[in-house]
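S.K.: One structure coming up, written as structure tokens, with questions to follow.
The values are calculated or read from the model by the stated rules, or taken from the named source; none is laboratory data. The structure presented is a predicted model; accordingly, all values stated were derived computationally and were not measured. When we count neighbours, we look across all protein chains shown, and the Cβ atoms used for this are built from the backbone with ideal geometry, even at glycine.
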Amino acid sequence: MKVKICGVTNPKDAELAVEAGAHYVGVIIGAKSPRLIPPERSKEIASILPSHVKLVGVVDARKELDLDLILRSSVRVVQLHWASYQSYKRALELLKPYSVSVALASPSFKDWPLERLEVEYLLVDVKDHEKKAEEVGRARPLAKTLGIAGGLNPNNLRDVLRGVKVDMVDVSSGVEKVKGKKDPEMVRAFVSSALGLPP
Ligand SMILES: O=C(O)c1ccccc1NCC(=O)[C@H](O)[C@H](O)COP(=O)(O)O
């Protein structure tokens with residue numbers, strides 16, 4: 001099971017995620033969010049991550065990709081939030097020469113062609129837990145690494161994952177007491193709960 005701690009805004013919280021055992025640290029570099037950080041801060045976070053933890057830059061896929069911003073942010077993966085098939089194709093073409101991988105997040109992938117995508121991971125990000133299993137089932141053929149996000153927290157993770165087979169879980173607000181600041185206890189509890197689950 002892979003774990004992503006998203007919406008990290010500072011190096012201290014990134015360190016906390018690494019120490020807890022996360023595989024991905026997510027930073028919001030190109031989407032409207034209280035957790036939005038400038039490229040310089042993202043670069044600072046990248047500099048303290050060990051090589052086995054990948055920095056993911058989250059961008060709003062409904063807008064044109066800003067290559068300069070992505071490169072200045074030193075991210076290894078760009079997560080297209082609210083991704084469409086067209087934005088995925090465009091991002092692949094744009095980012096491949098720079099060895100930056102593409103990841104996808106959307107509430108549903110039901111309109112996507114049924115083909116295996118060249119992605120780091122695909123996240124079904126839907127707040128309604130009832131909808132997660134159906135959407136995951138539909139998205140299964142599209143990606144090797146398939147995850148869920150939306151409304152997860154240390155207390156509900158095991159319940160939500162009962163009956164939904166995924167390779168990855170993602171959390172942002174579910175490990176915060178204050179917006180944009182990760183809570184150490186909650187981060188540790190979330191990661192250990194996720195890692196205690198079968199792959
Ligand atoms: O976290 C944000 O503030 C955010 C804002 C705009 C676009 C994406 C954002 N987060 C990225 C994500 O990967 C997921 O939406 C998030 O981790 C799941 O959110 P939560 O329900 O708060 O755990």
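S.K.: Which residues, counting only those in the stretch 80-117, are of a type outside the set (Ser, Thr, Tyr) and surrounded by fewer than 12 Cβ atoms within 10 Å (Cβ to Cβ)?
M.R.: GLN86, GLU93, PRO97, LYS110, ASP111, PRO113, LEU114, GLU115, ARG116
S.K.: From the list ILE70, ILE29, ILE5, which residue is touching a Pro at 6+ places or on another chain (Cβ under 7 Å), at pLDDT 95 or above and aliphatic (A, V, I, L, M)?
M.R.: None of the other options fit; the residue is ILE29.
S.K.: To continue, here is another question. Take ALA149 and tell me if it is in contact (Cβ under 8 Å) with a residue 24 or more places away in the chain, more than 10 Å from the ligand (Cβ to nearest atom) and touching a strand residue (DSSP E or B) at 6+ places or on another chain (Cβ under 7 Å).
M.R.: In short, no.
S.K.: Check whether at least one residue in the stretch 163-182 is modelled with pLDDT under 95 and of a type in the set (A, V, I, L, M, F, W, C), and report yes or no.
M.R.: Yes, the stretch 163-182 contains at least one residue that is modelled with pLDDT under 95 and of a type in the set (A, V, I, L, M, F, W, C).
S.K.: Among the residues of the stretch 57-79, count how many are buried (at least 23 other Cβ atoms within 10 Å of the Cβ) and out of contact with any Ser or Thr (no Cβ under 6 Å at 6 or more places or on another chain).
M.R.: Final tally of qualifying residues: 5.
S.K.: Only one residue in GLY163, GLY180, GLY174 is away from the ligand (no atom under 14 Å from the Cβ), closer than 20 Å to ASP125 by Cα and not charged (D, E, K, R), so which one is that?
M.R.: GLY163
S.K.: Let me ask you something else. Tally time: how many residues in the stretch 38-77 are more than 10 Å from the ligand (Cβ to nearest atom), closer than 28 Å to SER193 by Cα and not small (Gly, Ala, Ser)?
M.R.: 11
S.K.: Taking only pairs six or more apart or across chains, which ones have beta-carbon atoms under 6 Å, a first residue in the stretch 122-138 that is in contact (Cβ under 8 Å) with a residue 24 or more places away in the chain and within 22 Å of GLY26 (Cβ to Cβ), and a second residue that is away from the ligand (no atom under 12 Å from the Cβ) and in a strand (DSSP E or B)?
M.R.: Listed by first residue and then by second, the contacts come to LEU122/LEU146.
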